Structures are given as C-alpha cells and as structure tokens.
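Here is the structure we will look at, set down as structure tokens.
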Amino acid sequence: MRMAIGLVALLLVSPTTWGESPKLLLTPGVAKPYRKIDVQPLIEGRVESLYVREGERIQAGAPIFSLDSKMAQVSLLAAQASASQQGRLEFAKAEVDLSLGALKRVQRILNHHAIAQREVDAAYANVIKSEGNYKVAQEEVELAKAELAQAEVRLAEHTVLAPFEGIVSRIRVNAGQAVSRQTVLLQLVDLSQLQIELQIPMNSYAQLKVGKTYSLRAESPVNRDVDAVLIAIDPVLDSGTQTFRCVFNIDNQDLILPAGFLVYPSQEIAQQAMATALVP
C-alpha cells in the first residue's frame, strides 16, 4: 500500500510534444517548528547561572540564563539612594513658602506707605529666586527617578527570558563563559504546531481551499498520514516547475510529533493533479 502511494506521489513525466497534458513531480516538504529562534543576550558579560535543561519545556517569560550583575546591582542601589533623597526638594519648597510670606507682609506695609518700593521689589526677587530653585530641585528629582528606571532596565538585561513558550534545544554555553551580544546561548523551538511548505502541481490550484483540512503522508519516523490545515496559497505561480506554493499547519499541542520529517502531498492531491492533467 505504501509503495502504491509513493508511486502516485512521484509522477515524473515531462512532455515535449505540443498538446500533451503535463504531469509533474510532487516533491516533499519538511515539517518545521512553528517558531524557532536563536536566543542571544542583550548585553555582553559572563554567564552566572543556567536555569534550563535541553529538552525542557518552558513558559514564555521564564528565566533562561543570567549574566554576572554585580556592577548593575551597585548602580541600582546608588540610583535608588539618589531618587529617595527628598531633602533638597523640601528645603526649596520651604524657601518658596517663606519668600511668599515675606512678600505678602511688605505688600501690606506698602499699602500704608511705610516701606520703600525697593524693599517690595527685593521681596518679589526673592520669590522668583526661590521658585526657580524649587523648579530645579523638582527637575533633579525627576532626573533621579529616570536614572533609577534606567538602572532597573540595565539590571533586568542581565537575565535572559524566554520570548515564547517552547522547548529548549542545543544549549551552547556554560556557566562562567564570557559572551557577547552575538553569542547564541541556545535554541528555543515551538512545536505546538508544525508548518510544511509544499510545491503542488498547478493543475490542483482550483481544487485546494484555504482553511480546509487535508491528509498528508508523513515519512520516517512518523510513517503515517497526518491531518494538516491549508493556511496559505501563494498567489504567485512558478511557471518553471508548473507548481504553486502551499503552506500547511499540523496541530501538535500534545508534542507527539518531532520536527524535521519529510511530508508528501496526499494521494488525494496527487490524484487531483493526475486527473486534471489527463483532461484533453
């Protein structure tokens, strides 16, 4: 039975006579992870801790590696101390209150013509000066808060987090190893879905429908038919091979299937292509 399916899947005839119906080779695709990335650090440093093992399934946001963060922790403590200092701001606010009180007093005295205008002008100047000092103190506090936020971000950069839920693959560094931003720490793969790209004979273009489930033939080590949903049909046809590109998704939430096995178009698709190709 498997040999029969294989014979149907490998239709290789290239006509040279005008008017003959074309029959094309149905080539396999590779079942690839839905997502696969090389995890790299955001900064350079020395690996301090490794929190995962190869083959382990981890959640999005889980810590993977941490880099030596002693200097970043010291910078954070200094930023926290600076941001928590409210003394100068409180002193500047007190100066504003005092200068405003003094201005009100000289204004009352001025109404009775018992004070020179220059003293009122001096009181106004003191208010302006104290308000300026208060504004500078406020800006310094805001700057200290911004520097604290930056220090927190810099410290967080020393811990590498999983960008999505997946399985750890190919850990490439060890604790104590110096790394740069270009260093690949490990691979993270998402096998919850498998994606296959197949080149389908152009004759089947009108028969295939996006969103429909098709049975595809999986080779070793799966060795059985698998259901796959057609998620995309490339609108640009390949006139050289007389095929068009289709993308299929296999649901693999239970993680039973590995990635990397060959997948052939199903007997149904092959028969469709064969039937339309033989129409005179």
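The values are calculated or read from the model by the stated rules, or taken from the named source; none is laboratory data. This is a predicted model, so every value here is computed, not measured. Because the Cβ atoms are built from the backbone with ideal geometry, glycine has one as well, and the counts that use them run over all protein chains shown. Just so you know, the surface numbers come from the protein's heavy atoms only, side chains and all, with ligands and any DNA or RNA stripped out. Shrake-Rupley method; radii C 1.70, N 1.55, O 1.52, S 1.80 Å.
Observations
- Take the Cα radius of gyration of region 130-272 and divide it by 2.2 N^0.38 Å, N being the number of residues; the result is 1.80.
- Counting only heavy atoms of the protein chains and using a 1.4 Å probe, Val229 has close to 50 Å² of accessible surface.
- Rounded to whole Å, sorted largest first: equivalent-ellipsoid semi-axes of region 155-230, Cα gyration tensor: 40, 15, 12
- In this structure, the pairs whose alpha-carbon distance is over 30 Å, taken from Lys93/Lys145; Lys36/Lys145; Lys36/Lys212; Lys36/Lys70; Lys104/Lys145; Lys70/Lys145, are Lys36/Lys145; Lys36/Lys70; Lys104/Lys145.
- Computed from Cα atoms, the angle from the helix 87-111 axis to the main principal axis of the chain rounds to 40 degrees.
- Start at zero, step by 10 Å, and the Cα-Cα distances of region 194-237 spread as 23, 55, 21, 2 percent across the bins.
- Taken along the Cα-to-beta-carbon direction at a fixed 7 Å, the label points for Ile256 and Ala102 span 8.6 nm.
- The structure shown yields P(r) over Cα pairs in 5 Å bins from 0, in percent, and of the options (i) 1, 5, 8, 10, 11, 11, 11, 11, 10, 9, 7, 4, 2, 1, 0, 0, 0; (ii) 1, 5, 12, 17, 19, 18, 13, 8, 4, 2, 1, 1, 0, 0; (iii) 1, 5, 9, 9, 8, 7, 6, 6, 6, 6, 5, 5, 4, 4, 4, 3, 3, 3, 2, 2, 1, 1, 0, 0 that calculated value carries the label (iii).
- Top of Gly240, Gly176, Gly29 by mean-square fluctuation, Gaussian network on the chain, Cα under 10 Å: Gly240
- In terms of packing, defined here as the mean over residues of other Cβ atoms within 10 angstrom, the peptides 84-94, 189-199, 42-52, 161-171 line up highest first as 189-199, 161-171, 42-52, 84-94.
- Förster radius 25 Å - calculated FRET efficiency between Asp68 and Glu140 (Cβ-Cβ, nearest 0.05): 0.20
- Near Tyr34, the amide H atoms lying under 5 Å from its own belong to Asp190, Ser192, Gln193, Gln195; only residues 5 or more places off or on other chains count, and H is placed 1.01 Å from N.
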